[in-house]
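Here is the structure we will look at.
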Amino acid sequence: MTQRLVSRMRGFGTTIFAEMSALAERTGAINLGQGFPDTDGPPALLARAAEGITGGVNQYPPGPGTPELRRAVAAARRERYGLDYDPASEVYVTVGATAGIAAAILAITEPGDEIVLFEPMYDSYAAAIAMAGGVRRPVTLRPRGGEGGRFAFDPEELRAAVGPRTRAVLVNSPHNPTGTVLTAAELAVIAQLCREHDLVAVTDEVYEYLTYDGAEHVPLATLPGMRERTLAISSTGKTFSVTGWKTGWVMGPPELVDAVRTVNQFLTYTANPALQLAVAEALETQEDWIARLATGLAAKRDRLSAGLREAGFRVFGTQGTYFVLTDIRPLGFDDGLALAHRLPELCGVVGVPAQVFYDDAEEGRPYLRFAFCKRDEVIDDAVARLARLRS
Ligand SMILES: *Cc1c(COP(=O)(O)O)cnc(C)c1O
């Protein structure tokens, strides 16, 4: 049959998460691949959404989102980071962060424009840039320090990636899949470049609440000269353990938010109103629940990291997110993609090969990502199975 898919979308196939989750399903392996929790969000959040649906909150909400959610999002930004956004013109609700990112990229990228971003990169970034006809310019994050070290970028490489066609820098912190939380110094380097070259910053902050050991999430928009050029994107899924809810938001100066609105109104137009009402309330009332989630996740990270180390992996430090990245070479393997496909048969566990998050597959070859947002007994079972790799 003729190839009907446009050439710019070829190679995107099925997302690795769907592929690995299907593999887990088929083999009965424990799925530490896709990042979704196996416990539910705050009961009050769930109840409020159910009430909304049975209580008639089911028709189109305003295109930019319900006023309640936009106000709650703005209030949370002000309280946590001292950033002021006008709920009417500077906050815009989308169908998850994914739609927000896609709309943002489509709104600001002319064909041939370059977007600088960091690899390993979340898989939707490359697809969104391709849909826009843009060109991605990845800067590689590499492990620094020995055992337990974190991934970081080389400021010179970042500078070298910016050229005359660069339109924007796409930044994800806390970072999936490395667990890196960018430091003040690293953010300052990015901000400096954005100001110098008049770039837009698109920031994916979906793990903003999930940082550990005192690592602090600092939005790029808080740096001098950045608020007016940043589209900050966050969402409900990770913060409240409801990854299927797909309720996110974009924040920025009116001109940029309006650009996103122009595109998004023809992608999804608007997002589920009952969920928006429930999330608005939860942002105001569930701070303690979120804090407990983060404390619990830090302990799960330690639990899984210790088990992976015991099983023979090199385990990198994780300061945020759901994930821990490992190097498989101490176990005698060198290709993460191949090992990911064999892992169910070898030990009954599924992880995600990090190389699919790289343009330069060689850079990502030895890494496997595991999710620790699972019940302790599931982690313990997985750790016991992973121990078989040694023998
Ligand atoms: C999960 C995730 C998203 C998707 O967020 P949704 O609100 O579910 O669309 C975006 N970016 C990163 C880095 C993620 O891990």
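The values are calculated or read from the model by the stated rules, or taken from the named source; none is laboratory data. This is a predicted model, so every value here is computed, not measured. Cβ sites come from the backbone with ideal geometry, for glycine too, and all protein chains shown count toward neighbours. Accessible surface areas use protein heavy atoms only, side chains included; no ligands, DNA or RNA. Shrake-Rupley method; radii C 1.70, N 1.55, O 1.52, S 1.80 Å.
Structure notes:
- For region 349-383, filtered to residues that are more than 28 Å from MET121 (Cβ to Cβ) and in contact (Cβ under 8 Å) with a residue 40 or more places away in the chain, the residue that is most open to solvent (accessible area, probe 1.4 Å) is ARG375.
- Boolean, GLY82 is more than 16 Å from the ligand (Cβ to nearest atom) and free of Cβ contacts under 8 Å to residues at least 40 places away in the same chain: no
- One residue from THR285, THR262, THR230, THR211 being among the hydroxyl-bearing types (Ser, Thr, Tyr), closer than 21 Å to ALA44 by Cα and away from the ligand (no atom under 13 Å from the Cβ): THR285
- Qualifying residue in region 245-252 (condition: open to solvent by 20 Å² or more (accessible area, probe 1.4 Å) and under 17 Å from GLY52 (Cα atoms)): yes
- Residue count for region 244-257, restricted to those that are in contact with a Ser or Thr (Cβ under 9 Å, 6 or more places away or on another chain) and within 16 Å of the ligand (Cβ to nearest atom): 7
- The number of residues in region 96-122 that are within 14 Å of the ligand (Cβ to nearest atom) and either farther than 15 Å from GLU205 by Cα or free of Cβ contacts under 8 Å to residues at least 60 places away in the same chain (or both) comes to 6.
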